[in-house]
Amino acid sequence: MTLDALLLGAEDAEALDEWKDLLTAPDAAQRWQEAVDRREHIDHFAAAVIAHPWLAQTLSGLRELRRTLTPCEPGTLEAVLAPEWMSHVLGPETRPATRLATPRLGDVETVRLARGAILEIRPAPEQAEGFRVFYRSARSEGLLPRRRWRMEAGDAPVLLLGTSASDAKSLEAALEHATVLGGILLLEAAPAQK
């Protein structure tokens, strides 16, 4: 919290001492970079929620639902950067899936995904039975039968929710009658600069 305040330029009597402590710490550069990354993550998340009222409403409902859940360790589900569908046939080598997030029970993590990249939501083995993934975006919502999302221009933000609702046909039904195992808020990654 102190580093966040320093990043935002908050000035008070204790700030000078905090700066001295930071600058003399052996891991100062790492701590500063972590604070910058954390602040950037919070800012991107806040900008997406402010720009999309539907997202704010859905996340508010999830917050209420999360209060009824018992927190657990990460690993209820994972979001991975999936290889292309036919890469094992078309290429000599397969690229293993890269884990991007493992939200705790009922939590939502933010993932920045490049255009054309595919994100796949996978349940923990003990959650595999009845596992479903629903999506909501500014354009539409529904069930993702293959649990994959390909990021296209204009998609973001997209909220993906993994649930234990084996018979739910809609996101609302899943939220009413299931445990939300976790969610991913997809934002579009900035294009790589040349």
Restricting to the range 126-135, and then to whatever is of a type outside the set (A, V, I, L, M) and in contact with a strand residue (DSSP E or B) (Cβ under 7 Å, 6 or more places away or on another chain), can you tell me which residue is surrounded by the most Cβ atoms within 10 Å (Cβ to Cβ)? PHE134
Please specify each residue of the range 152-173 satisfying the condition of being part of a loop (DSSP other than H, G, I, E, B) and open to solvent by less than 40 Å² (accessible area, probe 1.4 Å). ASP155, ALA156, PRO157, ALA165, ALA168
Of the residues in the range 109-125, those that are open to solvent by less than 40 Å² (accessible area, probe 1.4 Å) and in a strand (DSSP E or B) come to THR110, VAL111, LEU113, ILE118, LEU119, GLU120, ILE121, PRO123
Scan of the range 26-50 for residues that are open to solvent by less than 80 Å² (accessible area, probe 1.4 Å) and touching a residue at least 40 places away in the same chain (Cβ under 8 Å), ordered by number: HIS44, PHE45, ALA48
Across the range 92-108, the tally of residues that are open to solvent by 60 Å² or more (accessible area, probe 1.4 Å) and modelled with pLDDT of 70 or more stands at 4
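When only residues in the range 174-194 that are modelled with pLDDT under 80 and among the β-branched types (Val, Ile, Thr) count, which is surrounded by the fewest Cβ atoms within 10 Å (Cβ to Cβ)?
My answer is THR179.
The values are calculated or read from the model by the stated rules, or taken from the named source; none is laboratory data. These figures come from a predicted structure and were not determined experimentally. Counting neighbours? That spans all protein chains shown, and the Cβs are built from the backbone with ideal geometry, glycine included. Heavy atoms of the whole protein, side chains included, go into the accessibility calculation; ligands, DNA and RNA do not. Shrake-Rupley method; radii C 1.70, N 1.55, O 1.52, S 1.80 Å.
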